[in-house]
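Have a look at the structure below before the remarks.
The values are calculated or read from the model by the stated rules, or taken from the named source; none is laboratory data. Computed from a predicted structure; not experimentally measured. Cβ placement follows ideal geometry from the backbone for every residue including glycine, while neighbour counts extend to all protein chains displayed.
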Amino acid sequence: MPVLDEADTAFAQVAAVNECIHAPIELARTQVDCPRMLASRAQPGDPDRARAILHPALTTASDLGLATIERQAQTLLSKPAAK
């Protein structure tokens, strides 16, 4: 399994744990880090997945006053999707 595919699996597992233990800050961080990996991997469907993951991160960051995470999510969302 290629490294970025393994990372994708790991991000999904970490996000599930963060949800389970009610860790919204860590979940938001994961929801920003995973789309960065998806942008690097650039497989079909990755840009749409990245955007879908970033929207909840942006909401959480805004609601909790997490300025750095909010800025990172906005930056990633503002990048044009790869074709």
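Of the residues making up the range 27-70, those that are of a type in the set (A, V, I, L, M) and more than 17 Å from A12 (Cβ to Cβ) are A42, L58, A61, L64, L66, A67, I69. The criterion of at least 1 residues that are exposed (fewer than 14 other Cβ atoms within 10 Å of the Cβ) and of a type in the set (V, I, T) is met by the following helices (runs of 4 or more DSSP H) wholly inside the range 16-83: 24-41, 67-78.
Sub-6 Å Cβ pairs linking a first residue in the range 54-83 that is of a type in the set (S, T, Y) to a second residue that is at pLDDT 95 or above, at least 6 apart or interchain, are T60/P24; T60/A28; S62/E70, ordered by first then second residue.
Of all residues in the range 19-37, those being farther than 18 Å from S62 by Cβ and either aliphatic (A, V, I, L, M) or in contact with a Ser or Thr (Cβ under 7 Å, 6 or more places away or on another chain) (or both) number 2.
Scanning the range 28-83 for residues that are in contact with a Leu (Cβ under 8 Å, 6 or more places away or on another chain), polar (S, T, N, Q) and modelled with pLDDT of 95 or more yields a count of 3.
Residues in the range 1-42 that are over 23 Å from L66 (Cβ atoms) and in contact with an Asp or Glu (Cβ under 8 Å, 6 or more places away or on another chain): R41 alone.
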